[in-house]
Amino acid sequence: MTLPWRVGTVVSLYLATVVGGALLVAGWYGASGTGDVAAQLVWLNVAALGLIVAGTGNVVWLLYGHRSVRARQRALVARGMELAAPPRRPTASPTSTTPTALRVAIHGGARFHRPTCPLVVGKRTTARIGTKRIPCEACRP
Amino acid sequence: MELIGWLRAQWDRVAAWVVIAAGAVALLLGWWGVSGSGFPAQQIPYVISGGMVGLFLVGLGGMLWLSADLRDEWRKLDELDQRLAALADGTES
């Protein structure tokens, strides 16, 4: 079984929690050992630093895990879409002229299409698609 | 036996509740200590040992609980990954 965290992240969390906890204990120990309020405030700051260190470690841990889960979800969705997509049509039949004859483009358009693509049906097209055009995302020529 | 199995499977959520409860107790004790004295020199140690340690424990418990959620989600993604791999190999229809 895998986990959404790497070893380095686990070590960071442990370090932040242990250091934060130690600073809290040190702050309490220092503050309770003196009756001088000014000195106690210094130890109070030490304890506050411990709280910040531990809190930062926890937040980084959760954000890292959240990001890993989301990245994996996106990768799985892309893979699922790829599997669910209909199989590509076979290339040109022996009776057709050339494979490029199955593709058309609109003058000035950035994409090339199948002649049956709803985005070009009824429009003036050319079979000269050139090399700079990109395939249409709708008909996937 | 069922309880032990459940505790083992949900150790992080159980630990989260234990730590959150400990944090709540620390906060209560801190409040009790501070309210029992009128001298700041006596109150500040309670602020640290009760208030700050209580916040630390509550935060730790929350982190454990959310980590358990992320781990569950990751486990479900593991299952999906395996099913997709089986689909790609054609072993699952």
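Things worth noting here:
- Under the Debye formula (equal points on every Cα, no solvent term), log10 I(q)/I(0) of chain B at q = 0.13, 0.20, 0.22, 0.24 Å⁻¹: -0.63, -0.90, -0.97, -1.04
- Charge dipole (Cα centre; +1 on Lys/Arg Cβ, -1 on Asp/Glu Cβ; no other charges) of chain B amounts to roughly 520 debye.
- Annotation: the protein assembly as shown has a Kirkwood hydrodynamic radius of 23.4 angstrom, from the mean reciprocal C-alpha pair distance.
Bear in mind that the values in this text are calculations on the coordinates, not laboratory data. The shown structure was predicted, so the numbers you read here are calculated from the model rather than taken from an experiment. Every residue, glycine as well, gets a Cβ built from its backbone with ideal geometry; the counts of neighbours run over all protein chains shown.
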